[in-house]
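A.B. asks: Below are the structure tokens for one structure; questions will follow.
Bear in mind these aren't lab numbers, they're just calculated from the coordinates by the rules spelled out. None of these values were measured; they are calculated from a predicted model. We place every Cβ from the backbone using ideal geometry, glycine too, and count neighbours over all the protein chains shown.
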Amino acid sequence: MNYSEKDKKYIWHPFTQMQDWENDDIIIIDRARGNYLYDLNGKKYLDGVSSLWVTMHGHCHPHINRAIKKQLRKLDHSTLLGLSNTPAIELAEKLVELTPRGLSRVFYSDAGSTAMEIALKIAYQYWQQDKNKKHQAKRKFLTLKESYHGDTIGSVSLGGVDMYHAIYQPLLFKTVQLPTPYHRYGNEPSLEEAAAVLEKTLQKHQQELAALVLEPLVQGAAGIYTAPRGYLSAARRLCTKYNVLLICDEVAVGFGRTGTMFACEQEKVAPDIMAVAKGLSGGYLPLAATLTAEKIYNNFKGKFESLRTFYHGHTYTGNPLACAAALASLELFKKERTLEKVNKNISLLKEELSKFRKIPQVKHIRQRGMIAALELPDYEYKDKIGHKICAAARKYGLLIRPLGSNLVIMPPLAIKPKELKYMLSIMYKCIQETV
Ligand SMILES: Cc1ncc(COP(=O)(O)O)c(C=O)c1O
């Protein structure tokens, strides 16, 4: 059996209709360098999806490779339950330094979903063990339709993408859910409208709300929907006013993707709890962190027998190799002036995207920093328009993934201007060929 046959015999792929997969020609990636992946036949592909939104400085970057090798000579893994390790400590210090002011404690895990499970459990427990016992009714979460926070049951409960989540409804806890104010084709509420709906809901449900949960600036997995400018800062102001915690899920938007290190910076927002993952390790190893404000951390302190402990932890929490990779990735942001280059690419991307207005089927173009989408809303799900365009792009050596009828642009931060132009020209050609 060759690798393709063995894959089809043994692997169940995520987010994949396996009946189609078994009948398709599949690409098996064998190696990578910079912004390119190479398959078993040596064919080269530009990684237009950052290997699912994680690759920052390119693949197999010598600086991160060296850091992992160096760490490997010292310590592979040791638990954070009852022990600590140096890379986890150094990284926590760096994260507190880099994230919005007020976030002062770092709880590690290994995926975006787990970072969000931790966020919601901390927020829930925080109110339950409130010292004045005045807030124990605060058990619910305020969420936005079309949010995506991961695939574990808690994070699915916070989410609102029907295609992924509807079937699990009976398993989920109930939230107070608002229609999404984020923009897509046919849905573009103004900031004033969106903020008014949010305020009304917070006012009505303040006694029972533990936290508002949102993806700052961009709802990613729903199809790259973009928030009205000012919505995030309005959310911060209103959460403070109605005594509701603000949880920001920076799993997709964190680490430079929107042009600033964190999306929250763009509206000068400091959430009470923030989740990061994906790009944290530069795209190398599974690593996530949930950061909290000091008042939340302090609320969990008490006598051993008080049971205020946060009884939560994943086996690989604070893995030294992953933390070493993350530290090296953060060093590269400085060393390679990544954000400066990203901001140049953001202008170029804007220019290139405007060319797509000439294609009548592209009805909505959205961009926030280096995250963008082209929406072709006139097709039905069964048309698989996104899949078809992405399949066409593979022939030209470009890897992209659709979200329904949205084509997603999420290249590594280190993409060179000429590679970005190439990527968009291939997309243009493939849309024209396919529609
Ligand atoms: C905003 C957001 N939160 C959480 C997650 C879940 O992360 P993971 O797949 O690492 O569990 C994702 C994944 O796409 C995401 O985009």
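A.B. asks: Express in whole angstrom the spacing between the alpha-carbon centres of region 357-435 and region 191-241.
C.D. replies: The two parts, judged by their Cα centres, are 29 Å apart.
A.B. asks: Could you sort the peptides 358-368, 203-213, 23-33, 45-55 by per-residue average Cβ neighbour count (10 Å cutoff), highest mean leading?
C.D. replies: Per-residue Cβ counts within 10 Å, averaged per peptide and sorted highest first, yield 45-55, 203-213, 358-368, 23-33.
A.B. asks: Write down, largest first, the equivalent ellipsoid semi-axes of the chain in whole Å, where each equals the square root of 5 times an eigenvalue of the alpha-carbon gyration tensor.
C.D. replies: Rounded to whole Å, the semi-axes are 34, 27, 21.
A.B. asks: Give me the percent of DSSP beta bridges within the chain that run antiparallel, rounded to the nearest 5.
C.D. replies: In the chain, approximately 70 percent of DSSP beta bridges are antiparallel ones.
A.B. asks: Determine, from the Cβ-Cβ distance of residue 176 and residue 97 and an R0 of 41 Å, the FRET efficiency 1/(1 + (r/R0)^6), rounded to the nearest 0.05.
C.D. replies: 0.75
A.B. asks: For the chain, what is the mean residue ellipticity at 222 nm derived from helices alone (per DSSP H run of n ≥ 4: -39500 (n - 2.57); sum divided by total residues; nearest 500 deg cm²/dmol)?
C.D. replies: The per-residue figure over the chain is -11500 deg cm²/dmol.
A.B. asks: Picking from 255, 4, 361, whose Cα lies most toward the positive end of the charge dipole for the chain (charges on Cβ: Lys, Arg +1; Asp, Glu -1)?
C.D. replies: 255
A.B. asks: Can you give me the Cα centroid spacing of region 1-58 and region 270-308 in angstrom?
C.D. replies: Between the Cα centre of region 1-58 and that of region 270-308, the gap is 33 Å.
A.B. asks: Sum up the charges of everything whose Cβ sits under 13 Å from the Cβ of residue 403, counting Lys and Arg as +1 and Asp and Glu as -1, but leave residue 403 out.
C.D. replies: +2
A.B. asks: For residue 119, what charge total do you get from the other residues with a beta carbon under 10 Å from its beta carbon, if Lys and Arg give +1 and Asp and Glu give -1?
C.D. replies: With Lys, Arg at +1 and Asp, Glu at -1, the net is -2.
A.B. asks: Sticking with this structure for a sec: Using a 10 Å cut-off around each Cβ, can you sort 356, 173 from fewest to most neighbouring Cβ atoms?
C.D. replies: So the ranking, lowest neighbour count to highest, is 173, 356.
A.B. asks: How long is the gain from residue 363 to residue 205 if the chain were fully straight, where each residue apart is worth 0.36 nm and the alpha carbon distance is subtracted?
C.D. replies: 53.2 nm
A.B. asks: In nm, to one decimal, how far is the residue 70 label point from the residue 309 one, both placed 7 Å along Cα→Cβ?
C.D. replies: It works out to 3.6 nm between the two label points.
A.B. asks: Fewest first, what order do 380, 22 take by the number of other Cβ atoms within 10 Å?
C.D. replies: Result, fewest neighbours first: 380, 22.
A.B. asks: How many nm is it between the label spots at residue 41 and residue 387, if each spot is 7 Å from the Cα in line with the beta carbon?
C.D. replies: 2.1 nm
A.B. asks: Using a 10 Å cut-off around each Cβ, can you sort 105, 236 from fewest to most neighbouring Cβ atoms?
C.D. replies: Fewest to most other Cβ atoms nearby, the residues stand as 105, 236.
A.B. asks: Rounding to the nearest 20 debye, state how big the charge dipole of the chain is about its Cα centre with +1 on each Lys and Arg Cβ and -1 on each Asp and Glu Cβ.
C.D. replies: Rounded to the nearest 20 debye, it is 880 debye.
A.B. asks: What distance in nm separates the simple spin-label points at residue 197 and residue 79, each placed 7 Å from Cα in the Cβ direction?
C.D. replies: Here the answer is 4.6 nm between the modelled labels.
A.B. asks: Can you tell me how much longer the chain between residue 421 and residue 136 gets when fully stretched, taken as 0.36 nm per residue apart minus their C-alpha distance, in nm with one decimal?
C.D. replies: Residue separation times 0.36 nm, minus the Cα-Cα distance, leaves 97.2 nm.
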